[in-house]
Every structure is written in C-alpha cells, then in structure tokens.
Amino acid sequence: VPSGKVSVIVNWYDDKSVHEVPWQENRFAQKFGLSENRFYVQYAGTMGYVFDYPMVLSVAEILRIYADIEFQMVGEGSQRAVFEREARRRELHNIRFFPLQPQHLVGDVYSAASVCLVPLKRGIIGNSVPSKVALIMACNRAVINSVDEGSQYYQMFEENRIGLCAPNTDPQAVADAILALYMDKDDRERLARNGLKFGEAFYSRSSNTANLIHLFAEMVGRRSI
C-alpha cells in the first residue's frame, strides 16, 4: 500500500479526566498513608509476561541503601505472586505492593509517584508505545524506561527529552537513571513537563479526535468540516 494512503491515529487518553492531582488532594496517597517526603519509583499496571520483575528486584537491591527511596508496585497479574515471594526472600523492604486501583483513581495513582518505571523484557518493545506512558505524561511525571536500546521507543524518548532510558540488560544503568532524577529535581521536573507537552500533542483525545475529523474530511473530499 502506498504510504500516502496510510494514516495512523494512536490510542489516546482522555485529557478531560486524566491529569495531575495535587498531593493534598491525592486519594491514593491518602488511602495508603504515603509520605510526601519519600521518593517513589512506581510501576502501575499489569504484572504479566512482558513485565520484567527480575529487573525491578535487581534495581531495588542496588538502591536499598537509600532509606527514602521506595518502589511502588501497583496492580495484579500472572507474575505478581512470584515477584512478591522473591522480594520477601531477598528481604527487599524497599518494595511495597498495592492492589489494583479503580479506574477513576488513575490520575491519583500516577500523581503519587516521583518517577514512573516501565520495565519491559528484552525483545518486547518495537515501534509501539505502552498505553500507560501517555497516562504518566498526562500526570506530569517523568518516565524511566528499561527497554531495548535499539528500539524506536527508546530513540523517541532520547530525541525528545521526555524521559530517561536504560538498556534492559543493565540493572546498574537503570539504578543510575533513577538516582539521576532522585538527585536532580529540576531535571526531573523538566523531563516531566516535556512529556506532558509531548503527550498532549500526540496522545490526547483532543489532538486525536481532531486528527480523525481531518481524516474523515479528506476521505469525503473536503478540506474541513
């Protein structure tokens, strides 16, 4: 098919309902008694086949000497039970597990993070974008990816400065990325703002419904409707 006949419109998030929630109003933080003075590295989503829980364990082990860094693991999935067992066996008390939260708390959950971690097994990511990433961006939080370094996804983050990436074969590199944003709040906030703007431009409902309207107008031979 000629490339001129192909239009891509991505799955989007609802920018009217998903947004940053201030700490004082954050229902997830209040529900679980979270402290604003801790640094939360959060994964929220399905802990299934593509979720690289051994990477999270290795990184948490490296960073266990930092008393104020806590890993938040929010959600369910086929790998959660073995993940929890291994965390207990290694006595990684800096990993805390939370149940799956209701859909209406999505903004509260991601807003309770200091940074959000996306750890994917090798060979999983290609030119796709995990759906949670757009939601994280909408909540004005920086993303740290542990993914294949040759992927388009990795390059997208690097080129647009919308987060940090580290190879998913290198736990120390992932830990270093977390520490970089732990120590540099200005850079953390700068990456989050970049991601917020990027997400609004490419992954929001407002942007993509406008793209759909434009596409339909072209299909019926009109320039605008």
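The values are calculated or read from the model by the stated rules, or taken from the named source; none is laboratory data. No experiment lies behind these values; they were computed from the predicted model shown. Heads up, the Cβs are rebuilt from the backbone with ideal geometry, glycines too, and the neighbour counts pull from every protein chain shown. The protein model used for the area step is the full one, side chains on, heavy atoms only, and it has no ligands, DNA or RNA in it. Shrake-Rupley method; radii C 1.70, N 1.55, O 1.52, S 1.80 Å.
Observations on the model:
Quick grid of which residues meet (1) more than 16 Å from LEU164 (Cα to Cα); (2) open to solvent by less than 50 Å² (accessible area, probe 1.4 Å); (3) out of contact with any strand residue (DSSP E or B) (no Cβ under 8 Å at 6 or more places or on another chain):
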{"site": "LEU191", "(1), (2), (3)": "no, yes, no"}
{"site": "TYR203", "(1), (2), (3)": "yes, yes, no"}
{"site": "ASN208", "(1), (2), (3)": "yes, yes, yes"}
{"site": "ILE213", "(1), (2), (3)": "yes, no, yes"}
{"site": "PHE216", "(1), (2), (3)": "yes, no, yes"}
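- Within the stretch 27-46, the set of residues being of a type in the set (A, V, I, L, M, F, W, C) and either in contact with a helix residue (DSSP H, G or I) (Cβ under 7 Å, 6 or more places away or on another chain) or not in a loop (DSSP other than H, G, I, E, B) (or both) comprises PHE28, ALA29, PHE39, VAL41, ALA44.
- Within the stretch 160-188, the set of residues being surrounded by 14 or more Cβ atoms within 10 Å (Cβ to Cβ) and without any contact (Cβ under 8 Å) to a residue 12 or more places away in the chain comprises ASP170, ALA173, ASP176, ASP187.
Here's the yes/no breakdown for (1) out of contact with any Phe, Trp or Tyr (no Cβ under 8 Å at 6 or more places or on another chain); (2) closer than 25 Å to ASP15 by Cβ; (3) β-branched (Val, Ile, Thr):
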position	(1), (2), (3)
CYS139	no, yes, no
ASP148	no, no, no
PRO167	yes, no, no
ALA173	yes, no, no
ASP184	yes, no, no
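- ALA67 falls short of the stated requirement of being among the hydrophobic types (A, V, I, L, M, F, W, C) and under 14 Å from ASP108 (Cα atoms).
- Residues considered: LEU57, LEU100, LEU63. Of these, the only one that is under 20 Å from the mean Cα position of the chain (by Cα), among the hydrophobic types (A, V, I, L, M, F, W, C) and more than 24 Å from THR169 (Cβ to Cβ) is LEU100.
- Flag if ALA81 is open to solvent by less than 10 Å² (accessible area, probe 1.4 Å) and small (Gly, Ala, Ser): no
- Residue in the stretch 154-167 that is touching a helix residue (DSSP H, G or I) at 6+ places or on another chain (Cβ under 8 Å) and in a helix (DSSP H, G or I) present: yes
- Of all residues in the stretch 4-54, those satisfying the criterion of being more than 16 Å from the chain's Cα centre (by Cα), closer than 30 Å to ARG122 by Cβ and modelled with pLDDT under 95 are VAL6, VAL8, ILE9, VAL10, TYR49.
- Residue satisfying all of: in the stretch 1-26; aromatic (Phe, Trp, Tyr) and not in a loop (DSSP other than H, G, I, E, B); nearest to LEU135 (Cα to Cα) among these: TYR13
- Test: residue in the stretch 65-72 that is assigned to a helix (DSSP H, G or I), open to solvent by 70 Å² or more (accessible area, probe 1.4 Å) and out of contact with any Phe, Trp or Tyr (no Cβ under 7 Å at 6 or more places or on another chain): no
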